[in-house]
Structures are given as C-alpha cells and as structure tokens.
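None of the figures in this text is laboratory data; all of them are computed from the coordinates on show. These numbers were taken from a predicted model, which means no experiment stands behind them.
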Amino acid sequence: MQILQPLNSPKEITINLSSSLFDPDSPIQFRFLRSGDQDEVKLLCRDWFPIEYPDKWYDDISNEGKYYALAACVYNRIIGLIVADNLQLSHCNKEDQTILNKSFSLTTQVCYILILGVVKEYRRHGLAGHLLSHLLNYLHSRSVCKAVYLHVLCTNRSAIKFYESKQFQYRLYLPYYYSIRGQPYDGYCYVLYINGGQPPYSTLDYINTLWRYLLKTNPCKFLYSIGYWCESRLNYDISNCNNDTRAVIGYKSISRII
C-alpha cells in the first residue's frame, strides 16, 4: 500500500506499507482529497451516514490542506475515507470544551474526527483501522495535539465497539444531539487522549487517588487520625450544645416576628 502524506510544503511524500489484508491484484493507495472529489464523496456519505451535509462542506473537505481528509482508493475509486479537523479547544462546541482536564487552557489543540467510513465490500478487513492509525501517527508527530474526539449515535453499536477497541473513552452523553429526517437522536462523545492529554477528574479519580495515598501511608496511623478528629468534633459539639440551642431558639423567635 502507498500513503501520500501532506506536509506544509507543496511536496508529497510516498510511504510504503506492507499488508496481507488486501488482495495484491487490487492495490490500495492512500491519498488526500482534492478538488473534483466532491461528487464521489457526497455519494459515499449519503450511503454511510443518515445525516445530510451541505455542499459547501464537501467543497471544504476537498480543499487540500484545510482538513485532514485521507482517502483509500482502488483504481482511483474511493473505498474509505477519514476527515478530521485540528482546532483549539475554544473553537469546539461548548459541551466539548470539557473533554480535557482544567489544567489545559482553551488554546490547547485537539482533533475532531468528522467522518470515518468504508464501503461495504471492504469492511472488516482493517481498512478503517489503517485510516485511523495514519491520522494518529500524524497527530503524535505534532505533540501540541492533546486529544482526539468524535461524536457517534447512541444506537451505532458497531462504531462504538470499533472506537472502544482503539482505546477511545466514553466522555459525554449528548441528548437530542442529532436531527435525522426531523427526528431527534441522542449521541455520545468519545475521546482518545494523546501527547500527555488528560481527562477531567471524576469522583472515581478522587477515590483512586485517596486509595493510592492510603497504600503509601501507615493505615493504622491514618485511621487513628480520623478517629481523633471525629472524637474532638463530638466533644466540641456536646460542649457547645446549650449555647447552640439558645442561639437557634433566638433565631426562630426573630423569624416569627419578621
């Protein structure tokens, strides 16, 4: 297989890959979308996805350099495609701006996968994985990108299974995120953290941190400290019980007067 990789310069580099997944009589070449691919890509997207994209969107992804749009081709026929956008966290949808830990600023670079699809007769041969791997290799070489994320229909079990097998993590539930033929559908946001990117802390993260702390310290001493603190609080509350009761009665009297 051959992959043509775009660089900042107008030149392209050819990378040779070996694979036993595909018929050698039907060589697969990877190239980036270019002007003139719009109509073919439009037909593919209509077959793959239940969502209508505007014509301008097809023009944009076929504009070399504007998006990362890598196509897998057999005899110049596109059989697979991945389209992604590198952007700052501040340019993401509001709900997607929470995919990174708060220690990362809104100027942090992330990558959004818009589409990933393969024609039916070439599915289940690892082609989608090859397309995704090439994107990830490209992003790993650009250490500024800290996360790769995407949206998927809640009912698209095959896509969810695929991304989970590639170490993407469930991050957000998006109710009524999609509108398909006038009907609302829920979505999920999945994220892969790369180049040192970290997810936001959850309750489970805090529990795990506490557990690791306990394992590093003397458990008996830690439990004694908790017991001492509870005992001191209890004695303090009892000793101040009468004063507190009088104070509460006074506040209630004032509230009734008001």
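When the listed pairs Lys146/Lys166; Lys94/Lys146; Lys56/Lys166; Lys42/Lys94; Lys120/Lys146; Lys66/Lys161 are checked against a 26 Å cut-off, the alpha-carbon distance exceeds it for Lys56/Lys166; Lys42/Lys94; Lys120/Lys146; Lys66/Lys161.
Amide H to amide H, with H built 1.01 Å from N, Phe49 comes under 5 Å of no residue 5 or more places away or on another chain.
In percent, rounded to a whole number, the relative contact order of region 2-200 is 16, using alpha-carbon pairs under 8 Å and six or more apart.
Rg/Rh for region 2-200 stands at 0.95; both radii use Cα atoms, and Rh follows the Kirkwood definition.
Couplings 3J(HN,Hα) of region 74-79, computed from phi: 10, 6, 6, 8, 6, 10 Hz, in residue order, whole Hz [Karplus 6.51 cos²θ - 1.76 cosθ + 1.60, θ = phi - 60°; x for Gly and Pro]. Rounded to the nearest whole Hz, the Karplus-based 3J(HN,Hα) values (6.51 cos²θ - 1.76 cosθ + 1.60, θ = phi - 60°) of region 80-85 follow the sequence x, 7, 10, 10, 9, 10, with x at glycine and proline. Distant-in-sequence amide contacts of Gly126, defined by a placed amide H-H separation under 5 Å and a gap of 5 or more residues or a different chain, comprise nothing.
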